[in-house]
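Inspection log for the structure reproduced underneath, given as structure tokens.
The values are calculated or read from the model by the stated rules, or taken from the named source; none is laboratory data. Note that the structure is predicted; figures quoted are calculated from it, not measured. Methodologically, a virtual Cβ is constructed for each residue, glycine included, from the backbone with ideal geometry; neighbour enumeration extends over all protein chains shown.
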Amino acid sequence: MALLSLGINHLTAPIDIREKVAFAPDQMGQALHQLLDIPAVNESVIVSTCNRTEIYCDVSSDSSAIIADWLSAYHGLNDQTLLPCLYHHNNQEVARHLFRVASGLDSMVLGEPQILGQLKDCYDQARDGNALNSILDRLFQHSFSVAKRVRTDTEIGANPVSVAFAAVSLSKQIFGKLDQLSALLIGAGETIELVSRHLKSQQIGSITIANRSLERAQALAQQVGGIGVQINTVPEQLALADIVISSTASQLPILGKGATESALRQRKHRPIFMVDLAVPRDIEPEVGELQDIYLYTVDDLKGVVDENLRGRELAAEAAQEIINLEVTAFDQWLKTYQSSDQIRQLRDAAESIKEKALEKALAQLHQNQDPTRAIERLANEITNKLMHKPTLEMRKALENDDQARAQLLKSLILPDD
């Protein structure tokens, strides 16, 4: 038995290939069963996310080419499309790669935590589909433990490396707790969606989402327990907001100095923290000149993100040391498991020889044959069967003058001095 993994990710394949090789959740069961129909495949897990598709297998022989052909055929691709994008790992390197993936070291955003949940989902699908056995089950469970240890013992996830997360983290640094504050989010795209989720995780007091499409604003607001309004009400909403984060595709500013001054008067000059994540900018630069306004642009946050990314890169070095130790630990477990399995096979083979010889001896006794002769035949048959292959191997060793092998074979049979 051996470990094998192959796949593609954001580093080896463009998105137009990654999306063609992705497995939908309702395809997983069928795909896993097809993999298990390949004679050499003993167990398998398919990992499929937006940035990677990977197949992990325990195989009885090298089946990488067969599995690669199956992957191409399953998705209706020719080999020349997929093969240049594929990477392969074997045995110990399979564990190293999976541990890196689970810990976020192989992700597009270094240290991102979402991949761990995705891995667990894929593991559950393989388990529910009866595609798992002892080795891959242990490998994936070990990867989850490694990821937890990396998160606990390093700073890999401590520093935000997305502008959305950085904006929320900066607001928390300025205000401390957010549970008594109100946030006004302008826009309803992916960035604002991320911001809203980060704010909700920080237990923000209230969230208002303003967008040109009221329906889209309300749909997103519903997900985070907020309210959705149309973008033309922003000047009115501004007076209620402690935090304003904007990210739209508008070609002209949405917030100007006049509307902000009016909001500050209504607020009795309680400060407003503003983050403009849009390019072109949503908030006029002059707004930042106002007292009680703390305005940051995407470029300001880029410096924070770059610094945090450097911090994550340092943490990744510490994480890799943990992974190296855990790979060694898993490799030791695997060798012990495999040796136990081989010993079990050896004992099962000896047991089979004994059972067959005993069956013959009992049949002879039932036929009233001489008991002494039946026992002698039983002993001779067991001895001959057990000694046949060792005798052949001893002859080969002596013919090749392989004294070490000959001595080993003798030590298995001859009693100690």
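Inside the stretch 40-81, residues that are touching an Asp or Glu at 6+ places or on another chain (Cβ under 6 Å) and under 12 Å from Ser5 (Cβ atoms) make up a count of 2. Close contacts from the stretch 31-48, counting a first residue that is within 19 Å of Gly76 (Cα to Cα) and modelled with pLDDT under 95 and a second that is assigned to a helix (DSSP H, G or I) and among the basic types (Lys, Arg), with Cβ to Cβ under 6 Å and a gap of 6+ residues or different chains, come to none at all.
Taken over the stretch 126-135, the residue count meeting the criterion of being in a helix (DSSP H, G or I) and surrounded by 23 or more Cβ atoms within 10 Å (Cβ to Cβ) is 1.
So that you can scan it fast, the table gives a plain yes or no per residue for (1) farther than 22 Å from Tyr337 by Cβ; (2) without any contact (Cβ under 8 Å) to a residue 60 or more places away in the chain:
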{"site": "Tyr87", "(1), (2)": "yes, no"}
{"site": "Leu105", "(1), (2)": "yes, no"}
{"site": "Glu112", "(1), (2)": "yes, yes"}
{"site": "Gly117", "(1), (2)": "yes, yes"}
{"site": "Gln125", "(1), (2)": "yes, no"}
{"site": "Asn130", "(1), (2)": "no, yes"}
{"site": "Ser134", "(1), (2)": "no, no"}
{"site": "His142", "(1), (2)": "no, no"}
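What about Val41, is it in contact with a Cys (Cβ under 7 Å, 6 or more places away or on another chain) and not polar (S, T, N, Q)? Yes.
Conditions (1) under 30 Å from Arg149 (Cβ atoms); (2) surrounded by 13 or more Cβ atoms within 10 Å (Cβ to Cβ), marked per residue:
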| residue | (1), (2) |
| --- | --- |
| Tyr337 | yes, yes |
| Thr383 | no, no |
| Leu386 | no, yes |
| Asp401 | no, no |
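Only residues that are assigned to a helix (DSSP H, G or I), over 20 Å from Leu178 (Cα atoms), in contact (Cβ under 8 Å) with a residue 40 or more places away in the chain and aliphatic (A, V, I, L, M) were counted across the stretch 270-313, and they come to 4. Determine, yes or no, whether Leu185 is touching a residue at least 60 places away in the same chain (Cβ under 8 Å) and either within 21 Å of Val298 (Cα to Cα) or outside any helix (DSSP H, G or I) (or both). Yes; evaluated as a whole, the condition is true for this residue. Selection within the stretch 230-261: residues that are in a strand (DSSP E or B) and more than 38 Å from the chain's Cα centre (by Cα). The member of this set that is nearest to Ala166 (Cα to Cα) is Leu255. For the stretch 106-126, what are the residues that are over 10 Å from the mean Cα position of the chain (by Cα) and either modelled with pLDDT of 95 or more or within 15 Å of Cys57 (Cβ to Cβ) (or both)? Answer for the stretch 106-126, where residues must be over 10 Å from the mean Cα position of the chain (by Cα) and either modelled with pLDDT of 95 or more or within 15 Å of Cys57 (Cβ to Cβ) (or both): Asp124, Gln125, Ala126. Scanning the stretch 208-228 for residues that are among the β-branched types (Val, Ile, Thr) and crowded, with 23+ Cβ neighbours inside 10 Å yields a count of 1. All of (1) in contact with a Leu (Cβ under 9 Å, 6 or more places away or on another chain); (2) surrounded by fewer than 17 Cβ atoms within 10 Å (Cβ to Cβ); (3) not aliphatic (A, V, I, L, M) hold for Tyr123 with one exception: (2).
Applying the set (1) of a type in the set (A, V, I, L, M, F, W, C); (2) at pLDDT 80 or above; (3) under 20 Å from Lys410 (Cα atoms) to Ile343 leaves exactly one unmet item: (2). Considering (1) surrounded by fewer than 22 Cβ atoms within 10 Å (Cβ to Cβ); (2) modelled with pLDDT of 95 or more; (3) not aliphatic (A, V, I, L, M), say which one Asp16 fails and leave the rest. Result: Asp16 fails condition (2) only. Confirm whether Ala374 is modelled with pLDDT of 80 or more and of a type in the set (Gly, Ala, Ser). Criteria not met by Ala374.
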